[in-house]
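For reference, the structure is listed below as structure tokens.
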Amino acid sequence: MPAIVVAAVVGVLFFLGYRYYSAYLANRIYALDPAFVTPAHQLTDGVDYVPTNKHVVFGHHFTSVAGAAPIVGPAIAVFWGWGPALAWIVLGTIFAAGVHDFGSLAVSLRHRARNIGSIAHDVISTRARTLFLLIIFFLLTLVNAVFAVVIGNLFVANPGAVIPIVVEIPIAIFIGQYIYKTRSAALVPSLVGVALLYALIWVGQQYPVDIAPLSEAIGIDNPRNLWVILLFAYTFVASRLPVWMLLQPRDYINSHQLFIALGVIGLGMLVGWNQIVAPVVNDVPADSPSIFPFLFITIACGAISGFHSLVSSGTTAKQIDKETDARYVGYMGAVGEGSLATGAVLAATAGVVASRADWDALYPDFNTASGGAVGNFVNGVAVFANNLLIPLDLAVIFAAVVVISFAATTMDTGVRLQRYIVQEIAEVAGWHRLARNLTWASLVAVAVPLAMALIPGGGDAGYTFGVLWRLFGTTNQLTAGLALTVVAVWVLRMKRNPLPAVVPLVFLLAMTTWALFIQFWDFVEAEGRSERFVLAPLDGIIFVLALWLIVEAAMALRKGAARREYDDMGSPLDADVDTGEARQ
Amino acid sequence: MTTRVVLVRPWRDARVGSSCCGGGDARHGICFDERVDISTEHDAEKDLVAQVYLRLRDELPDVDVQIVGAENTAYLVPTVFRAVHRRRGVRAALAEVNRATTAGSVLFNGERLGDVITLGAGGVVKEVRRRVAQIAG
């Protein structure tokens, strides 16, 4: 089947989801009211709280949630066949992610744009705040670890990408300084930055950087691990710099790359009329992880991502002009991410190879599929680019540069956010010196994910990556579970139908705990020390957090059915419930 | 036609980080009481933009005022291009699109009036008031 036809069908389904299901959520479940005075109006300060046009907010919201994560999961999950992967992406986006992203935004609007952790503290329990911090701590630890491994693998596989990516850093800093000091327009310098980056692809191709000899000379057997160490050393420094100095200009360059990459994928698919050669449902080897529950944690971002609740509730909610805009911004953010994930599925099933036999060679077992997933996506996009007459060897480096750029930005921001979390946890625990010392907090934020990326690093690359990725998926789904619990309790206390939030909540928690349980015993029974002494305890901790969340959710829903703390439109009846003004 | 003024955020008022699971100004989504030290990331120019914004809303309530990040090309490029293209052609529109992405810019119906630092809060309000009167007259 032509990939472009599948993309069109998915597009129609997403449109129907937005047109009908999000309208149902807006009118019947979240009861959006165009006359409601949003926090942006209540607390206008011209800095954070600013009533903003919905297209502007969507621009900010979408660039905040779209990136490398919805590429990796789907590129692994096609191992079970493109049918199940795409079905979970489409159904997840429409019935889970849409409800979650839109719901987090709606509930935050009714709580003075406070973040989901603060609201959980009020609507679930005081313990929920600690639970929130712990889940996010593990989420960010695993995000930073997996993306360090992703970049390390891509650098080893595509040494031509090293020069463009490394030189992008001084280019971004120079552009940032130039724009700031000369007060000049930002568009042309950033486009020049993109052009320079792509010119460096040619340089990179001529001068590939292979650090294997250096790695061997200093006694590190796996060159990927040396890249991982270098990456964390870099993020330690980068996370201490002001956002505007490096992150913002690099993001600006990346935002152009996002549009270019989406254009190349769509146009290349159309011009090349590439056929999907992978099976709809793959007949996987008997020792593979089963589709239930592992598909549903392998694809987290792209079907539902708990991280979106942090962006929706903390930042986006402060800029919503009319409450009814939340439908467009929140639901469409989820649809945008689902579209990226669909592109990843098509690149890994139609772009990367021309025949079924070739595809089988790339996805013979789960470990190979996990280890090669990002590379398969890169090669798939390269084939689409090649349809547009870009030489294949340059196209491969181009695609690798795009993915690494996004992954590196995720690490930059991820380590910075981890530092905030370390400081928050330290404050809660009473370790004030750690909370207020940026160097120590940054060191903790770097050391923990570095250890995670290195400890299981001795084994097979695919296995290592697959394990970390699945653990990351579970924590992302738990974050989504916490946000969905908040949304469900809020809806229930409005005496409205909580099922649109409860059904994905129950499904996610069931899949997550099931997967964690199976993995725990796999780690315990494994022969490696890192499995038994690192991964098993980590899995066990996340499992306990999942059980804790289930108990909190059940208690909150039970209590929510009996109490009424909100009016029919979702605003708190009791002023004590809403203490957002003081906090914000 | 709605009269729209767009204020482009100062460059150091950086708030976007792209990528799922790391993007956005997520510190607001994480920190409960703003206890973490973000003083190195605070910029006085954003207070000036805020002042301009509040004065425009207060003194010219019929004008639609938006604050947009310089990096929000998905909004700025088509909006400014459409607005200027009608009156002054493609080349001028492209030049205006580029100028519009200057941090701290004040755009009046897509056209750049200057920047908040040079004009100051009073200057921006005065200039916008003059342009509104021109349209009305």
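Laboratory data are not the source of any read-out in this text; all were calculated from the coordinates shown. Source: prediction; values computed, not measured. Neighbour counts run over all protein chains shown; Cβ positions are idealised from the backbone, glycine included.
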Roughly how many whole Å is it from the C-alpha centroid of region A:483-506 to that of region A:361-387? 38 Å
What nm value, rounded to one decimal, do you get for the distance between A:Ile169 and A:Ala286 when each label is placed 7 Å out toward the C-beta? 4.9 nm
Arrange A:Met555, A:Met411, A:Met511 by Cβ neighbour counts within 10 Å, fewest through most, would you? A:Met555, A:Met511, A:Met411
Once the convex hull of the C-alpha atoms of region A:3-583 is built, how many Å³ does it hold per residue, rounded to a whole number? 146 Å³
For A:Arg558 and A:Leu389 in the same chain, what is the full-extension length gain: residue separation times 0.36 nm, less their Cα-Cα distance, in nm? 54.8 nm
If the chain between A:Leu547 and A:Leu191 were fully extended at 0.36 nm per residue, the gain over the current Cα-Cα distance would be 123.3 nm
Measuring from its Cα centre, chain A shows a charge dipole (+1 at each Lys and Arg Cβ, -1 at each Asp and Glu Cβ) which, in debye to the nearest 20, is 1320 debye
From the convex hull of the Cα coordinates of region A:66-215, what is the mean projected area in square nanometres? 14.6 nm²
If unit charges are put on Cβ atoms (+1 for Lys and Arg, -1 for Asp and Glu) and the dipole of chain A is taken about its Cα centre, the option from A:Val544, A:Ile119, A:Tyr178 lying farthest towards the positive end turns out to be A:Ile119
Count the lysine pairs in region A:3-583 that are 8 or more places apart or on different chains: how many have C-alpha atoms under 30 angstrom apart? 8
Determine the calculated [θ] at 222 nm for chain A from helices alone, applying -39500 (n - 2.57) to every DSSP H run no shorter than 4 residues and normalising by the residue count; nearest 500 deg cm²/dmol. -22500 deg cm²/dmol
Shielding score for B:5-13, defined as the mean number of other chain Cβ atoms within 10 Å: 4
Roughly how far apart, in whole Å, are the Cα centres of region B:67-95 and region A:182-251? 31 Å
Pick out, from A:Val188, A:Ala35, A:Ser309, the residue whose Cα sits farthest towards the positive end of the charge dipole of region A:3-583, with +1 on the Cβ of Lys and Arg and -1 on the Cβ of Asp and Glu. A:Ala35
Cα convex hull of region A:231-349 - mean projected area over all directions, nm²: 11.8 nm²
Most to least packed among A:357-363, A:486-492 [average Cβ atoms within 10 Å]: A:486-492, A:357-363
Across peptide A:173-186, what mean number of C-beta atoms from other chains lies inside 10 Å of a residue's C-beta? 4
Counting other chain Cβ atoms within 10 Å of each Cβ in B:93-105 and taking the mean gives 4
In debye, nearest 20: dipole of region A:314-427 around its Cα centre with unit charges on the Cβ of K, R (+) and D, E (-)? 140 debye
Note to self: C-alpha centroids of region A:303-324 and region A:155-172 sit apart, in Å, by 33 Å
Taking 0.36 nm per residue of separation between A:His432 and A:Ala526 and subtracting their Cα-Cα distance, the length gained on full extension comes to 29.9 nm
Calculated FRET efficiency, A:Gln206 and A:Ala357, Cβ-Cβ r, R0 56 Å, to nearest 0.05? 0.95
